[in-house]
Amino acid sequence: MEGVKSRAGRKHFAVSRFVIGFFILLFSLVCLLPMVLTFMVSITDESTIMRYGYSFFPKKFSGYAYRLMFQGGSNVLQSYGISILVTVVGTLAAVVITGLCAYTLANKNVKYRNALALFIFIPMVFTAGIVPWYLICTWLHLRNNLAALIVPNLLFNPFNMYLVRNFMEGVPDSLRESATIDGANDAVIAFRIYFPLCMPALATVGLFYGLAYWNDWWNAIMLVDDQSLYPIQYFLLQLKSRISMLRDLQYLSGSGSLTPPTESLKMATAIVTVGPIVLLYPFLQKYYVKGLVIGSVKG
Amino acid sequence: MATNAKPASSKEKRGFLADVRKNRFSYLIALPALLYVLIFSYFSYPYMLIAFQKFQYNRSGIFDILFHGDWCGWDNFKFFFASQAAFRVTVNTIWLNILFIVTGTVASLLIALGLNELRCKWFVKTSQSVMLFPNYISWVVVSYILYTLFSQQYGLANKFLALLHMDPVNWYTTPGAWPWILVLMRVWKGAGMNAIIYLAAITGIDQTLYEAASIDGAGRFKLMTKITLPLITPMIVILTLLSVGKIMYGDFGMIYALVGDNGTLYSTTDIIDTYIFRALRQVGDPSQAMAMGLFQSAIGFVMVFGSNWITKRIYPEGALY
């Protein structure tokens, strides 16, 4: 059996590879198809859904749900705007805070950098839970305002900070030394040397933060009761249980007799919620995965 | 205030202050992050005491909690443990986590090993990209996808049952099916990403080992079981123990997005985190919620230290601290 590696053996590999490839393909399809189905439902005519259920190949298409959604003044658009605002502002602020802190912890001239790292690390192990967190947010008046969607929970993530710090520790010390000899102060070294060099790491954590902000509804469910402040994710969550949220849209459509496109409209809202992620997909592939692999292997 | 909480400051205060003066800029720019941690993490610890108090909304500042609290001993705990929910949510949390850990590890390992066997580059790359997609979307969107599959009237699952001439099932009122539905969605969402983490470890293995073994006549299956698996076992153990450390903590985002306030499913899906959420936001009793949270933290704490201790014993380099 062994020893003589024959053509038959190689053929056996080829067959087993084919089988493995088939299962990988199957799992990939399973990952993709439910999303495709959701999209197909969103462009299906409502009465067709009522009659035939959800289908990959609807008998009659309709863009009515999307047309309704993008009509001026709809609350879907408003929540969408809130989400964009929160994501952009939150991500920028978070990256700045994270990058600055990472620089200090990677700066070997700072004698107490390990103590600072410990200060940040301890709460990662000992968490007091959501109740104290909620009371502190209330105490800081982070209720029913935009800051409540931006500041709590998401603005600073120690994992991301450690990721940037690890990257910065890879910058050779000689760069700092030569710059110091040339008369550069700490600020110049940070902003002219370290941050430009660490752009890939900052871009990675930027994507982490951006995705976390876009997908967040925790802050909303805990701290926001005002419907005009709902981010799109929380709007979507509420939409599932409360069809009444759609009433505005049906009113806008101006026709009570027509079947309200409840099912397709729900799915259309889910699809537009995923939209930005699909747009950012190439960047996610490039930076996100790398960052995650580094983070999990090293830290 | 800020300096008091820094661990090193008490012993070598002069040294610390001198260092701050010397590296003014560095300390200054780290301040936002440090203040954030101080306020949202360290300030939260005193609040844990409300588990032993009767909470009053008009007295909810830190100093009120510490000095003017209405202490009531273990009453909040007694109330919680007297209810049937305590046992139910604890068992659900642990059981669901065990299911997630086992199925998640097996699924992502199989995918990683499979991807490692394939040689067609574009296929591997494309399938990886596709597998990662569910990882990026929120549980709320997943709940809609779930609905397209399991909706009673229109869903694909019931269409499939109809093909087999079986009666449609109203999934959203069938608690027994839900642990498995949750496992399914969990694997669907997370296995691709975890597979890629495992794959990164596998591709990091020294290729000469494989070459040497091939020359000695080992087949692909042998290479997998005798080289790949043993060499990534430390990583599997470490990642598993990390999850075991978190076994008392459920995924609130997942459960609440998929199950929500659907009371008929609570018997199999209600977990500690959703229970605390309801006690806090719907019942409106922070003390009650905190007692529950403290119970969760206490056991969680033991689990984290226990699993870390075990990790240290087996693979010292893999321990968290």
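Suppose the chain between B:Lys78 and B:Leu184 were pulled fully straight at 0.36 nm per residue; how much longer would it get relative to their current alpha carbon spacing?
Length gained between B:Lys78 and B:Leu184: 34.5 nm.
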Please compute the alpha carbon radius of gyration of the range B:83-318, then divide it by the globular-protein estimate 2.2 N^0.38 Å. Two decimals is fine. 1.21
Taking the C-alpha atoms of the range A:73-241, convex hull volume expressed per residue in Å³: 134 Å³
Taking Rh as the Kirkwood radius computed over C-alpha pairs, what is the Stokes-Einstein D of the protein assembly as shown at 20 °C in a medium of viscosity 1.002 mPa s, expressed in µm² per second? 79 µm²/s
Could you give the radius of gyration (one decimal) and Dmax (whole number) of the Cα atoms in the range A:7-65, in Å? 19.0, 60
Can you give the Rg to Rh ratio of chain A, both from alpha-carbon atoms, with Rh computed by the Kirkwood formula? 1.10
Residue among B:Leu96, B:Leu31, B:Leu265 with the largest mean-square fluctuation in a Gaussian network model of chain B, springs linking Cα atoms under 10 Å: B:Leu31
Comparing A:Phe70, A:Phe23, A:Phe39 in a Gaussian network model of chain A (Cα, 10 Å), the one with the largest mean-square fluctuation is A:Phe23
Beyond 19 Å, what percent of the Cα pairs of the range B:148-205 remain? 48 percent
Let's test the formula: R0 of 25 Å, r as the Cβ-Cβ distance of B:Cys120 and B:Ser214. What FRET efficiency results, to the nearest 0.05? 0.80
Expressed to two decimals, the range B:88-194 has a Cα Rg over Rh, using the Kirkwood radius, of 1.04
In whole angstrom, how far apart do the alpha carbon centroids of the range A:55-70 and the range B:203-217 sit? 54 Å
Using a Gaussian network model on chain B with a 10 Å cutoff between Cα atoms, which of B:Leu118, B:Leu164, B:Leu17 fluctuates the most? B:Leu17
Mark the label point 7 Å from the Cα of B:Trp95 along Cα→Cβ and return the residues of the range B:178-213 whose backbone N is within less than 15 Å of it. B:178-183
One finds, for A:Tyr281 and A:Leu146 with R0 = 35 angstrom and r their Cβ-Cβ distance, a FRET efficiency to the nearest 0.05 of 0.80
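Go ahead and run the numbers for FRET between A:Phe18 and A:Phe61, Cβ-Cβ distance against an R0 of 30 Å, rounding to 0.05.
0.20
How far, in nm, would the chain grow between B:Trp309 and B:Lys22 when pulled straight, counting 0.36 nm per residue and subtracting the alpha carbon separation?
Values: separation 287, 0.36 × 287 = 103.32 nm, distance 3.94 nm.
Here the segment from B:Trp309 to B:Lys22 would lengthen by 99.4 nm.
Coordinate-derived values only; no laboratory data. No experiment lies behind these values; they were computed from the predicted model shown. FYI the Cβ positions are ideal-geometry reconstructions off the backbone, even for glycines, and counts take in every protein chain you see.
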